[in-house]
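Colleague: Can you read through this structure? Questions will come right after.
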Amino acid sequence: MTTLQDRLRTLDTHLDRFRKDGIRHLIAGQDHATDTWFETRSPVDDSLIARVALGDAATVAAAAKAAKAAFPAWAALPGDQRKAILHRIADLIEARADEIALCECWDTGQAWRFMSKAALRGAENFRFFADLAPGAREGQSLPTPSHWNVTTRHPIGPVGVITPWNTPFMLSTWKIAPALAAGCTVVHKPAEFSPLTARLLAEICHEAGLPPGVLNLVHGMGEGAGKALTEHPDIKAIAFVGESRTGSMIMRQGAETLKRVHFELGGKNPVIVFEDADLDRALDAVVFMIYSLNGERCTSSSRLLVQDSIAADFHARLVERVKGLKVGHPLDPATEIGPLIHRTHFDKVSGYVRIGREDGATLAAGGDRIGSEGWYIQPTLFTDAKPHMRIAQEEVFGPFLTSLTFRDEAEALQIANGTAYGLAGYLWTNDLARAIRFSQALDAGMIWVNSENVRHLPTPFGGVKASGIGRDGGDWSFDFYMETKNVAFALGHHKIQRLGA
Ligand code: NAD
């Protein structure tokens, strides 16, 4: 097995060029000149990783210009040629998967055991949409006695992709791959906390033969480069993943230019455990779905709703598991939980520990900082929470679970639906009729019954209420990145009114 020391040495060789040159924008296939910079630091020890080019409205304008110029040729390229290029991108991601995972762990604090798979999932995303590219334009034939109606789909134009810092590489591929497969060109603005692997992705795409200008990368702040991208008249749509309140801002910013928006936003996802469930499997899933990926995961099950008849025993087993979680260096093969991404996020998560205590919930595990270097926090569990409490309502986005109890199905549903969010839900029961009833009534875009989150790329991904607008996955992604056109061919015999005759 590769040791932590081996991984640190390899990482060092990958980071060397960024220490010298900084992490730069890539526009029209070229490094874009910059004289303003910000810093990205590792959550492991707060050390400087590299300086990062700070994009502004002028940088975004240059990127949008490049994306606009590249659009006609890319859109016109036959789908099988786009497919071939996207498969080459996937090949190169696979070839550099270790480098991507090492950089992602160091930049975000995520544990290697999850990030090595996330890099490969990025390649899978490219392969999945590559295979759909040749059929992306397909439509329907809708004949009537007088007309033959035919629909076709056309890429909407240059689009903006704005991504967050949690699993940034995988999430970026999830947005960029369908956009490119559809025939759109892209300006990508990654999160300021995790710029490193976005640069690797842009480089890989160009190395794979993506024409200059088809994917452009602009680093910077949300209120600077991000805002400018949402306001740019040549950018036809914004695919955004991030917080719900940022989604509201983007909707306002894009109103003037009538932006089409696709939002994947926050969540406060319930996992509901009924007394008749397979409790061993439910326990494994409950722990996995909030403590993997540092809990920095939109689909994490951050609210446990457990039936009161089994709550005491379930909580006792849960506490033992939470206390047994291995917190450590993200590149250590044994680590299950790494440090939180940034000081500001550490302060936010720690703040909710204080809020939970003040509101009267029981701190059953964790809650304290670990060490004095880096942004490590003990995996945290609150029990005896009440539905109105802030820790049961607001997204904490850390290794932080809030547990509530319920008497019966009706109360479970009321609690589960009683937040502003509606991204995902997890249901554990062996009563089939209840599983059907409950999943139909639960306000969520995605529900897993007797399962943790297992993704299947052709299925729709997205949320309801404050968790989002629109769906990704399979053909749903193309609906967003493409316009549908209907052409009606008259068969030549319908009556045309003769006005003025
Ligand atoms: P964030 O909203 O703070 O930032 C996301 C991105 O938006 C960043 O690139 C940021 O620079 C940019 N941004 C910020 N303000 C902007 C503005 N005014 N205009 C344009 N862009 C702007 O989110 P975050 O803290 O980076 O990520 C965590 C959030 O993302 C959580 O709420 C999480 O649930 C959500 N998320 C949702 C999904 C999903 O699929 N539903 C997936 C992953 C993450």
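Read-outs throughout are calculated quantities, based only on the coordinates presented, and are distinct from any laboratory measurement. The structure displayed is predicted, hence computed values, not measured ones. As a convention, Cβ positions derive from the backbone with ideal geometry for all residues, glycine included, and neighbour counts pool all protein chains shown.
Colleague: Net charge around residue 462, counting only other residues with Cβ within less than 12 Å of its Cβ (Lys, Arg = +1; Asp, Glu = -1)? Kindly include the intermediate steps, with their values, before the conclusion.
Modeller: Numbers: positive: 465, 471; negative: 264, 472, 479.
Net of charged neighbours comes to -1.
Colleague: Let me ask something else about it. State which entries of 189/236; 227/348; 117/348; 65/175 exceed 22 angstrom in Cα-Cα distance in the structure shown. Walk me through the numbers on the way to the answer.
Modeller: Details: 189/236 15 Å; 227/348 24 Å; 117/348 28 Å; 65/175 20 Å.
Check vs 22 Å cut-off fails for 227/348; 117/348.
Colleague: Give the Debye-formula value of log10 I(q)/I(0) at each listed q (0.22 Å⁻¹), with one equal scatterer per alpha carbon of region 352-425, two decimals each.
Modeller: -1.01
Colleague: Restricting things to alpha carbons, tell me how big region 382-460 is in terms of Rg and Dmax, in Å.
Modeller: 13.2, 39
Colleague: Starting from the exponent 0.38 and prefactor 2.2 Å, build the expected Rg for region 10-101 from its residue count and divide its actual Cα Rg by it. Don't skip to the end; give the middle numbers.
Modeller: Numbers: Rg = 16.7 Å, N = 92, 2.2 N^0.38 = 12.3 Å.
That ratio works out to 1.37.
Colleague: So for the chain, averaging the separation of alpha carbon pairs under 8 Å that are six or more residues apart and normalising by length, what relative contact order in percent results?
Modeller: Numbers: 1130 pairs, mean separation 89.1, N = 501.
Over the chain, the number comes to 18 percent.
Colleague: Defining a contact as two alpha carbons under 8 Å apart and six or more residues distant in sequence, what relative contact order in percent does region 35-172 show?
Modeller: Numbers: 148 pairs, mean separation 33.0, N = 138.
This gives 24 percent for region 35-172.
Colleague: Direction-averaged shadow area of the convex hull around the Cα atoms of region 238-345, nm²?
Modeller: Values: hull surface 38.2 nm².
Mean orientational projected area (region 238-345, Cα hull): 9.6 nm².
Colleague: Roughly how many nanometres apart are two label points built 7 Å out from the Cα toward the Cβ at residue 436 and residue 354?
Modeller: Modelled inter-label distance: 5.1 nm.
Colleague: With just the Cα atoms of region 348-501, tell me how far they stretch along each of the three principal axes, in Å, largest first.
Modeller: 85, 44, 34
Colleague: What value in Å³ per residue do you get for the convex hull of the alpha-carbon atoms in region 122-185? Provide the component values of the computation, followed by the final result.
Modeller: On the way: hull volume 5.9 nm³, N = 64.
Roughly 92 Å³ of hull volume per residue.
Colleague: Work out the length of the dipole vector of the chain about its Cα centre, built from +1 on the beta-carbon of each Lys and Arg and -1 on the beta-carbon of each Asp and Glu, and round it to the nearest 20 debye.
Modeller: Details: 53 positive and 58 negative charges, 308 e Å.
For this selection, approximately 1480 debye.
Colleague: Using just the Cα positions, wrap the chain in a convex hull and report its mean projected area in square nanometres, one decimal place.
Modeller: Details: hull surface 110.3 nm².
Dividing the Cα hull surface by four gives the mean projection, 27.6 nm².
Colleague: If you don't mind, there's one more thing I want to ask. Amide H of residue 483 versus every other amide H placed in the peptide plane: which residues, excluding those fewer than 5 positions away on the same chain, fall under 5 Å?
Modeller: 154, 156
Colleague: Per the Kirkwood formula on distinct C-alpha pairs, the Rh of region 50-187 is how many angstrom?
Modeller: Details: mean 1/r = 0.0595 Å⁻¹.
Final number for the Kirkwood radius of region 50-187 is 16.8 Å.
Colleague: Taking 25 °C and 0.890 mPa s as the conditions, I'd like the Stokes-Einstein D for region 59-118 in µm²/s, using the Kirkwood hydrodynamic radius from alpha carbon pairs.
Modeller: Numbers: Rh = 14.1 Å.
In µm²/s, the coefficient rounds to 173.
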